[in-house]
1. Which lysines, on any chain, are close to residue 202 with Cα under 19 Å apart, when same-chain ones fewer than 8 places away are left out?
2. By average Cβ neighbour count within 10 Å, what is the ranking of 96-105, 151-160 from highest down?
3. Could you state, as a whole-number percent, how many of the C-alpha pairs of the range 145-234 are farther apart than 14 Å?
4. Among all the lysines, which ones have a C-alpha under 20 Å from residue 48's C-alpha, if same-chain residues fewer than 8 places away are not counted?
5. Which one, 59, 203, 7, is farthest towards the positive end of the dipole of the chain when Lys and Arg carry +1 and Asp and Glu -1 on their Cβ?
6. Any chance you could list the semi-axes, whole Å, largest first, of the equivalent ellipsoid that the Cα gyration tensor gives for the range 171-220, using √(5λ)?
7. Gaussian network model of the chain, Cα springs within a sub-10 Å range: biggest mean-square fluctuation belongs to which of 181, 34, 216?
8. Label 7 Å along Cα→Cβ of residue 199; the range 141-174 residues with amide nitrogen under 19 Å?
Amino acid sequence: LKAGVRGWRLDVADELPDKFLDEFRKAIKEEKEDALLLGEVWEDASNKFSYGARRRYLQGAQLDSVMNYPFADAVLHFVRTGIPEGFTDKIMNILENYPKCVTDVLMNHIGTHDTVRAINFLAGESCEYRDRLWQSGRKLSSFEYERGVRLMKIASVIQYTLPGVPSLYYGDEAGMEGYKDPFNRVCYPWGNENKELLAWYKALGEMRKNTDCLKDGLYHTVSETMGCLAYVRTGKKDELMVIANRNEHEIDYV
């Protein structure tokens, strides 16, 4: 922190004892009051039970926020299956259980170094029960890849507009593919990025930066039916409606 670091992400925070987390937070905040302490917790961090005890990550004396796997699961499930029903329940479960100061800085991702690349999950074959040899040689077909880019656009819009802060796993914006670790960690494709997807992510970044309600605005679901998901973010200065159409045909909005 003295050298300029702005905060810490703790890997597998649920395998660290409470005493360590308590003391770690105390040391961080004494050095830099606004430094961020974020933990890796895959489940609902408000009621996580591990090592024989109910954990207290979000009760004010440990983590500022967590990696948002529940949101990632909701986004990826909808975009892969085209089934929007149930999306709101997953989102509201977190929004109702977490303090707002936590949700405003949630680490919203759709892929990490621990998961299959999002484009593979969305458009490729499942690697469940597949060995590393199969994963190492499996590439998306041209049809799967083109479809994956379209689905990545839907997933990324949702990722960038839900409560929290979008966290981009390097290479997703470039169209990188890969199954489980270590195939999801290959080098960034310098000079061979998918320019269409890269431009899309840049536009999302600009929208995010210039839209006030995406920073800390309220979330409200409008509808989740017939392959479409619609919700509104409302802030003090502006409001944004997001409509994600997972159908193969276009829809008209009036």
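The values are calculated or read from the model by the stated rules, or taken from the named source; none is laboratory data. Remember, it's a predicted structure, so these values are computed and weren't measured experimentally. Virtual Cβ from ideal backbone geometry, glycine too; neighbours counted across all protein chains shown. For the accessible areas, the whole protein counts, side chains as well, though only heavy atoms, and no ligand, DNA or RNA atoms are used. Shrake-Rupley method; radii C 1.70, N 1.55, O 1.52, S 1.80 Å.
1. 153, 215
2. 151-160, 96-105
3. That fraction is 70 percent.
4. 19, 90, 100
5. 7
6. Equivalent-ellipsoid dimensions as semi-axes: 28, 15, 7 Å.
7. Highest fluctuation among the options: 34.
8. Once the point is set 7 Å along Cα→Cβ of residue 199, 146-157, 172-174 turn out to lie under 19 Å by backbone N, inside the range 141-174.
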